[in-house]
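Some notes on the structure that comes next.
The values are calculated or read from the model by the stated rules, or taken from the named source; none is laboratory data. None of these values were measured; they are calculated from a predicted model. Cβ atoms come from the backbone with ideal geometry, glycine included; neighbour counts cover every protein chain shown. Calculation scope for accessible area: heavy atoms of the full protein, side chains included, ligands and nucleic acids excluded. Shrake-Rupley method; radii C 1.70, N 1.55, O 1.52, S 1.80 Å.
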Amino acid sequence: MRTDLYTVTSIGDTASDLSIGTFCHESGHLLCRWPDLYDYGTAEREGDDFTSAGLGTYCAMAAGNNLGDGFLPSAVCVYLRRLVHWTHDVDISLPGVYEARQGEYDEALIYQNPQRRDIEYYLVENRTRAGFDSRLTSSGLAVHHCDIKGSTEFQNGTPVGHYQCALLQADGHLDLETNRNQGDGSDLFGPTLGTAVSHSSRPESLWWDGSESGLTLSATSPPGPVLTFRTGEQGVAGTLVTGDSAPGATIPEDDFGGLTDAITLQGQGTVRDLTVTIDIEHPRIGDLRVVLMAPSGRRDVIHNRTGGNTKNLRVTLDSQPPSLLAPLIGDAVPGSWKLRITDAVDSNTGVLREWSLAVRTGT
């Protein structure tokens, strides 16, 4: 008897371990001819000698085989399952509400590039912490940008230097590409009232050549057995959404908590332009710190104890760079926008008379 194809695989550090992670990973190579979805690092390959994390813990063919000390490896990502025809396609290009089921390993929710069909596309899957993903680093909706002509060595995110399967990390930090970690708790998309992914979000949904893909994901639900999301343009680009508040509220003195007032915006889409107007009565604005907080949790300090003995803070700011508000461009519009004012000194009393927001939307 003779065999030409075989593998010898570690099953732990000792004979009593019998851990399955490495066995699953190496069997993926042998049985399915799956590639490694991690970067070989300083071993120069394909013109790249930088280390990155590839797909990190989000696939058993990357670092996911090591979860739970190798006893609880993560599932194989939908990109690889689709390559070996384990899945049937569900086209999410038409606007509507879709469901992603945790553990539905024979389904691929796909958004194709019509110019590079079956070469470049987006895949969406539910990676809630359960079952094979019980030890996953994050929990929620995974969005993969796939290109079968890409390479796990190319972490630059450029038209000619990109991963074959890149995870759009919800926090926009690119920790996998820069090798900061193998994945963290903010990589997958959790519950989002407005737009989670679009051409102007961070990360954005462009094709690798920089052209518009048209993919917009919004209204994502919390992690669970069934996770819902909406595709398609949310609202009309260029729509003006406004809100105002006139609380006439006293600003607590020498109080770390300060005063927080909220304006709820009902529009859809993402922020293309943002204008905020503030009217605060105070005998010394150098005592004040003013922070604008978006529904996403992102915040901007728009006044930080400057102005000395100047009376009253009456200001209108827009988001055109290099404005302090520029980082909020691309954030989701709908939800509760908050203004927090703190007074560092207990000798002067101030009042928030009124404030307003005006947002011009993108898609």
### Task
Sort 259-268, 92-101, 328-337 for me by packing, meaning the mean count of neighbouring Cβ atoms within 10 Å per residue, highest on top.
328-337, 259-268, 92-101
### Gain in span if fully extended, residue 336 to residue 246, counting 0.36 nm per residue against the direct Cα distance
30.8 nm
## Note on the structure
The long-range amide H neighbours of residue 151, using H built 1.01 Å from N in the peptide plane and a cut-off of under 5 Å, are 162, 163, 164
### Query
Against the longest alpha carbon principal axis of the chain, how many degrees, from 0 to 90 and to the nearest 10, is the axis of helix 21-32 turned?
60
### Query
Over segment 116-180, what is the relative contact order in whole percent, taking alpha-carbon pairs under 8 Å and six or more residues apart?
26
### Query
Any idea of the accessible area per residue across the chain, 1.4 Å probe, to the nearest Å²?
47
### Task
Give the value in nm², to one decimal: projected area of the alpha carbon convex hull of the chain, averaged over all directions.
22.8
### Summary
Quick shape summary for segment 1-98, equivalent ellipsoid via Cα gyration tensor, semi-axes whole Å in descending order, reads 27, 19, 17
#### Entry: Contact order normalised by residue count of segment 209-300, Cα under 8 Å, 6+ apart, percent
18
### Task
Rounded to the nearest 0.05, what FRET efficiency do residue 88 and residue 13 give with R0 = 41 Å and r taken as the Cβ-Cβ distance? Could you check?
0.55
### Summary
From DSSP H assignment alone, runs of 4+ in the chain each adding -39500 (n - 2.57), the sum over residues rounded to the nearest 500 puts [θ] at 222 nm at -1500 deg cm²/dmol
### Summary
With all protein chains present, the chain has a carbon and sulfur share of its accessible area (1.4 Å probe) in percent of 51
## Note on the structure
The summed charge of the residue 69 Cβ neighbourhood (under 11 Å; Lys/Arg +1, Asp/Glu -1) stands at -1
### Query
How much accessible surface does residue 20 have with a 1.4 Å probe, in Å² rounded to 10?
80
### Message
Using a 7 Å offset from Cα along Cα-Cβ at residue 273, what residues in segment 200-215 end up with backbone N under 18 Å from the label point?
### Response
200
